[in-house]
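One structure is given here, and the rest of the page talks about it.
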Amino acid sequence: MASARFSLSLLSAVVSLALGSSAVAAPSAPPPTHSHYPNLPSETPANFKPVTKAMDYTKRVVQVPMRDGIKLNTVIVIPKGAHNAGIVLERTPYNADHFASNDRESHDAILKAGYIHVYQDVRGKYGSEGDYVMNRYVRGPLNPTPVSDATDASDTIGWLVKHVKQSNGRVAIMGISYDGFEALMGLVHPNPALKAAVPENPMVDGWKGDDWFHNGAFREQMMPYIYSQEATRANKDEWWSNYHDDYTMYLDAGNPSVLAKQHGMEQLGFWNKLVKHSSYDQFWQDQAVDKILAKEPLTVPTMLVAGEWDQEDIYGALAVYRALYAKAGNRQNLYLTLGPWFHGEEAGHGTHLGAIKFGSDTSAYFRKHFLMPFLAQHLKSDGADAHLAHVNAYVTGTNKWEQLPSWPACPGDCSIQHDPIYLQADHGLSFSEPTAGQGKGYDQYISNPDTPVPYRARPVPPAETKTWPQWLVGDQRPAAARPDVETYETPVLKHAVRISGRPMVHLIASTSGTDSDWVVKLIDVYPQQDAKEQDMSGYQLAVAMDIFRGRFRQSLSHPTPLTPNKPLTYGFALPAADHVFLPGHRIMVQIQSSWFPLYDRNPQKFVKNIFKAKPSDYIEATQRIYHSPAHTTYIDLPVAKSK
């Protein structure tokens, strides 16, 4: 644009010289100043005073001091007439002022129940002072300072019970996702006034199975979140894209580090940490929240909330549950709700998820029968025992709630038994082991990094779009039709198969390369003509899916190359499920070597750090999936069986 303006000026000068000075126009008058015009009166008052007499609550915005002098922006919403009321605290990096005015149905339920609802910006975000660190670590090797999210939670609770005169001195901390992480931080050396915690879909272990990696494979569609979250205090700079299809955008970049550089992400501290710590090293191990909480007793009644189709943090809540349940002394204070939800759906409407219909509002049921009774018991000065089961789990397939003493479990005369389901010749799947003499004992496909398997139908939308919560329940038929996806299927089921727990993958596979990703999907295939749900006919519903990066086969912290063309064993867990495969349905397993662009491409040639892989490192590989008596591939299913 600068060169264009120069050319026009030069042309004007040449024309003027050619025509003579008489052709040059007289200089124009200077533009008029504002004083030449009368001002219209402003329609915005200098100091607007809201009239709130008709509102059923009052709102205070205060700056709460922490032990190091930093002040955190805190919005206190108090129902009118509140007296001797419990406090529900939510700490968030997502703008406390906005949440206090525009939160979900759970916010309304809390206020209607008479509780004081408090939102607070974590340090370094929006109205709070201080420096922002993604999932700020507890005090220790990663954080030698005197403050952490745990101390900030404790300091805030101490301030609230002292300065909010309408309170009864009893506080619950809750929140979803990052806010769920903050709720868990409140349990680290908890303030004595903390009487309950409700961590929902919390971020717990960003490498093993939550936001940033899954078993070592990088979730590159989280890059826009990192960008907006860290670029500015108030998330003012949003990710930009010139692409309609995320698949094409990430593929054209070739490597997430290239795309990051195009967006200036090397300026962001957390991005640089991801690139540096691509293995499960001490950096990740020391901040895994399940490990942190396992080191101390659970003294605060805690209800963990997990979604069976949580597209972001499907790992965290149940990892914390397992870690805490392992100590018998914790079990009295430990509760779990497992619902049929996407990430945070329990706070809104839960009648369906994508094409899957539940026949009732499961989210409203959760709030009415589990959440509010739990809060009432622990926040009210005279709270009666709610007699809640320690586990309330929703069984998908049969669509019903079950009350259980622990999880995984099944009610009545029933137990969970591990029952392997084996890959067979001719793409079969059976609870019987494969026998000799059935074909060559393996199936083979070519994995080409130039044409990776999409994780959902193209064009792939960004993760911020409204369809993002639905991808885990998306129909898997498009993947099954690809030549680089192997599919194995049972005959039509004559009897229901109920699973409760984590399916465990025992995969034997080989690659012609020196590194490889393995994606394994456990799928419920609906009848080709479903009389009950016509629009679900032939639908392939993913029940549990995950990815494993082959370089971590022997060690999560020290990756090693794979031996080319050698059958190797890969063992890993799929996300937990509580599901019934109904009679007339089939059970299916799909296996592939890419899941793009949800996860970055594996070069299939071993490099020290995939974030630094060059274009020449990405090679085709011949993949073999074995299913012979000598090399059996199976998924160990947690099957519910009558005793």
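The values are calculated or read from the model by the stated rules, or taken from the named source; none is laboratory data. Quantities reported herein were computed from a predicted structural model and do not represent experimental measurements. Positions of Cβ are backbone-derived with ideal geometry, glycine not excepted, and every protein chain shown enters the neighbour counts.
Taking region 538-583, which residues are of a type in the set (D, E, K, R) and more than 26 Å from ASP475 (Cα to Cα)?
ARG551, ARG553, LYS566
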Checklist line | Search result, residues across region 530-558 that are part of a helix (DSSP H, G or I) and without any contact (Cβ under 8 Å) to a residue 60 or more places away in the chain | finding: GLN534, GLY550
Next item on the list: Please identify the pairs in which a residue from region 391-408 that is in the same structural domain as TRP309 (by TED's automatic domain parsing) has its Cβ atom under 7 Å from the Cβ atom of a residue that is surrounded by 22 or more Cβ atoms within 10 Å (Cβ to Cβ) and assigned to a loop (DSSP other than H, G, I, E, B), counting only partners at least 6 apart or on another chain.
Entry: VAL391/TRP407; ALA393/TRP407; TYR394/PRO340; THR396/GLU308; THR396/PRO340
Check: Which residues, taken from region 397-429, are buried (at least 17 other Cβ atoms within 10 Å of the Cβ) and assigned to a strand (DSSP E or B)?
Finding: TRP401, GLU402, LEU404, ILE416, PRO420, ILE421, TYR422, LEU423, LEU429
Note to self: With in a strand (DSSP E or B), touching a residue at least 24 places away in the same chain (Cβ under 8 Å), farther than 16 Å from LYS521 by Cα and out of contact with any Pro (no Cβ under 7 Å at 6 or more places or on another chain) as the only criterion, which of VAL589, VAL639 stands out?
What the structure shows: VAL639
Notebook entry, point to check: Hey, any hits in region 632-641 for a residue that's in contact with a Gly (Cβ under 8 Å, 6 or more places away or on another chain) and not polar (S, T, N, Q)?
Noted result: yes
Next item on the list: Have a look at HIS343, HIS349, HIS369 and point out the one that is farther than 22 Å from PRO405 by Cα, surrounded by fewer than 19 Cβ atoms within 10 Å (Cβ to Cβ) and assigned by TED's automatic domain parsing to the domain that holds ILE173.
Entry: HIS349
Next item on the list: May I ask you to list the residues in region 105-131 that are at pLDDT 95 or above, in contact with a His (Cβ under 7 Å, 6 or more places away or on another chain) and over 20 Å from TRP159 (Cα atoms)?
Entry: none
Next item on the list: Within region 78-104, count every residue that is modelled with pLDDT of 95 or more, under 19 Å from GLY127 (Cβ atoms) and in contact with a His (Cβ under 8 Å, 6 or more places away or on another chain).
Entry: 1
Checklist line | Considering residues of region 243-293 that are acidic (Asp, Glu) and not in a loop (DSSP other than H, G, I, E, B) only, the residue farthest from MET185 (Cα to Cα) | finding: ASP252
Checklist line | Residue pairs meeting the criteria (Cβ under 8 Å; at least 6 apart or on separate chains; first assigned to a strand (DSSP E or B), in region 330-351; second charged (D, E, K, R)) | finding: THR337/GLU346; LEU338/GLU308; LEU338/ASP578; GLY339/GLU308; GLY339/GLU345; GLY339/GLU346
Item checked: Set PRO454, PRO564: member being assigned by TED's automatic domain parsing to the domain that holds HIS585, in contact (Cβ under 8 Å) with a residue 12 or more places away in the chain and surrounded by fewer than 20 Cβ atoms within 10 Å (Cβ to Cβ) -> PRO564
Notebook entry, point to check: For GLY86, which of the numbered conditions (1) over 23 Å from LEU184 (Cβ atoms); (2) surrounded by 18 or more Cβ atoms within 10 Å (Cβ to Cβ); (3) more than 28 Å from the chain's Cα centre (by Cα) fails to hold?
Noted result: (1)
Next item on the list: Looking at (1) part of a strand (DSSP E or B); (2) surrounded by 20 or more Cβ atoms within 10 Å (Cβ to Cβ), find the lone condition where LEU160 falls short.
Entry: (1)
Notebook entry, point to check: Out of (1) assigned to a strand (DSSP E or B); (2) modelled with pLDDT of 95 or more, what's the single condition that is false for SER594?
Noted result: (1)
